[in-house]
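One structure below.
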Amino acid sequence: MTVLITDGRYKNSLAILRTLGEKKIDVFCSSIKKQALCFYSKYCKKSFLYPHPRKSPEKFIFQMKKIIQQNNIDVLMPVGVSSFTIVSKYKEELEKYAKVPVADYESYKIAHDKATANELAKKINVPAPLSYSPKSLAELKTCLKEFEYPVIIKARKGSSSNQVRYANDQSEAINIWQSFQKKAPRKNQDVIDYQFPIIQEYLPGEIVDVLFIFNQGKLRGCLTQERLLTLPVKGGSGALNVTTNDPKAAKYGIELMKALNWHGVGMVEFKRDANGTPKLLEINPKFWGTTEVSISAGMDFPYMLYKIAMEGDVKPNFSYLYPKKFGWPISMGVRHLLETETPFTTIKEYLKLFTIHNGTNIQLFKDPNPFSLQLKNTIRYLLLTLLQSVRERI
């Protein structure tokens, strides 16, 4: 029983490694860089490097096939957006060598593109905010007349918080839209696409995540969560989350993924409008950054995906602990503390995690080495931030 996971630098990759490793599954880890969290874990059977999936997709696939063949890998589990996208695109070729439990590329493309995902939502009557993807400056100026400010401007494809900006007036919206277009890569827009950014209505409420696993269009597990603290502070990845039970958001998310005949894991992000209605922000068609929250609450998506790959199916599970808070005090908590205008609230929320009912990613006794690397990286980040602050004052 062997699994190869990608993106060993990420905290969700570490969570996947740990939960599979605890079940005596041999997990091989790979990354584009040597300083990868997973490489330091006691559960990592062996580590490998690979070329950047977005910049060199063919070389990446060649390396994946080589690792799989030389190590008798049973299941390939991509994690990050670049590797997930390229693995889905080359799924048919990779399946000659290992099980690849990801969605077919035609479904993946629709989910990964925020514009086509929004169109799908409207088609099947899932609530979605007002959104446009203007193809010219003239179109942009016309569509902006329909919005109230602030508006959100985001890349059509990609999952980084750097690809989301806020504009408070028309002039700022035009400047951001044009700056996105200048960043558009000339080739290989499968992973990131800045060319025609999305203009989207701003919603004032909380972000609600619907997390799921499907087996060839059949739902096998679902969990909802909310982000209590985010990075960046104004809105982004969850820095401290809490599991919830939100039937309405879950219903909308499941309808979307059933329409795509989804296979594998993924997340649908909603945000509540002024009336409390969850509206689609985007689909994250891969393992999400806060995968560890689900595992700690009893919904072990990575192991369920492994079972689907190896045994053809898994027993459906919709039971999990809620509300359960989970966070990353070192890697994300410190950064949130530096950005927020309410530091005492941040400290208070993170201290609550060290109780029997909540949790953190710190495993000082079971698997301490990744924590050491996170601590080292956080100290380095603090020193660089301090140095930059000093330079700005000189």
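The values are calculated or read from the model by the stated rules, or taken from the named source; none is laboratory data. For clarity, every value in this text was computed on a predicted model and none was experimentally measured. Positions of Cβ are generated from backbone atoms using ideal geometry, with glycine treated the same way; all protein chains shown enter the neighbour counts.
Of note:
- Each residue in region 10-20 was checked for being under 17 Å from V87 (Cβ atoms) and either part of a strand (DSSP E or B) or in contact with a strand residue (DSSP E or B) (Cβ under 7 Å, 6 or more places away or on another chain) (or both), and 2 pass.
- Per-region count, region 128-141, residues over 14 Å from D169 (Cα atoms) and either part of a helix (DSSP H, G or I) or aliphatic (A, V, I, L, M) (or both): 5
- Subset of region 338-359 that is surrounded by fewer than 19 Cβ atoms within 10 Å (Cβ to Cβ) and of a type in the set (A, V, I, L, M, F, W, C) - its residue that is farthest from L231 (Cα to Cα): I356
- Scan of region 340-380 for residues that are of a type in the set (S, T, N, Q), in a helix (DSSP H, G or I) and under 22 Å from the mean Cα position of the chain (by Cα), ordered by number: Q374, N377, T378
- Among the residues of region 300-313, just one is closer than 12 Å to A15 by Cβ and either polar (S, T, N, Q) or not in a helix (DSSP H, G or I) (or both), namely D300.
- Residue in region 23-37 that is more than 20 Å from the chain's Cα centre (by Cα), assigned to a helix (DSSP H, G or I) and without any contact (Cβ under 8 Å) to a residue 24 or more places away in the chain present: no
- Hits in region 13-30 (condition: of a type in the set (S, T, N, Q) and surrounded by fewer than 24 Cβ atoms within 10 Å (Cβ to Cβ)): T19
- Listed conditions (1) crowded, with 18+ Cβ neighbours inside 10 Å; (2) within 23 Å of K154 (Cα to Cα) are all met by G221, apart from (2).
- Residues in region 305-337 that are crowded, with 19+ Cβ neighbours inside 10 Å and of a type in the set (G, A, S) were compared, and the one that is modelled with the lowest pLDDT is S331.
- Selection count, region 52-84, where residues are over 20 Å from L14 (Cα atoms) and surrounded by fewer than 19 Cβ atoms within 10 Å (Cβ to Cβ): 12
So that you can scan it fast, the table gives a plain yes or no per residue for (1) surrounded by fewer than 15 Cβ atoms within 10 Å (Cβ to Cβ); (2) free of Cβ contacts under 8 Å to residues at least 24 places away in the same chain:
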position	(1), (2)
S131	no, no
K135	yes, no
A138	yes, yes
T142	yes, yes
K157	no, no
Q170	no, no
V191	no, no
Q200	no, no
L203	no, no
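- A count restricted to region 77-101 and to residues that are out of contact with any helix residue (DSSP H, G or I) (no Cβ under 6 Å at 6 or more places or on another chain) and either under 14 Å from L305 (Cβ atoms) or in the same structural domain as V314 (by TED's automatic domain parsing) (or both) stands at 3.
- Of the criteria (1) within 22 Å of the chain's Cα centre (by Cα); (2) at pLDDT 90 or above; (3) in a loop (DSSP other than H, G, I, E, B), which one Y149 fails: (1)
Here's the yes/no breakdown for (1) in contact with a Cys (Cβ under 9 Å, 6 or more places away or on another chain); (2) farther than 30 Å from E22 by Cβ; (3) outside the structural domain of G221 (by TED's automatic domain parsing):
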{"position": "I283", "(1), (2), (3)": "no, no, no"}
{"position": "F287", "(1), (2), (3)": "no, no, no"}
{"position": "E292", "(1), (2), (3)": "no, no, no"}
{"position": "P343", "(1), (2), (3)": "no, yes, no"}
{"position": "K352", "(1), (2), (3)": "no, no, no"}
{"position": "I379", "(1), (2), (3)": "no, no, yes"}
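- Among the residues listed as V293, V390, the single one being in a helix (DSSP H, G or I) and crowded, with 20+ Cβ neighbours inside 10 Å: V293
- Lone unmet requirement of (1) without any contact (Cβ under 8 Å) to a residue 40 or more places away in the chain; (2) buried (at least 22 other Cβ atoms within 10 Å of the Cβ) for Y108: (1)
- Matching residues, region 314-328, being among the basic types (K, R), within 21 Å of the chain's Cα centre (by Cα) and outside any strand (DSSP E or B): K324
- Here F60 meets each of (1) within 25 Å of S294 (Cβ to Cβ); (2) out of contact with any strand residue (DSSP E or B) (no Cβ under 9 Å at 6 or more places or on another chain) with one exception, condition (1).
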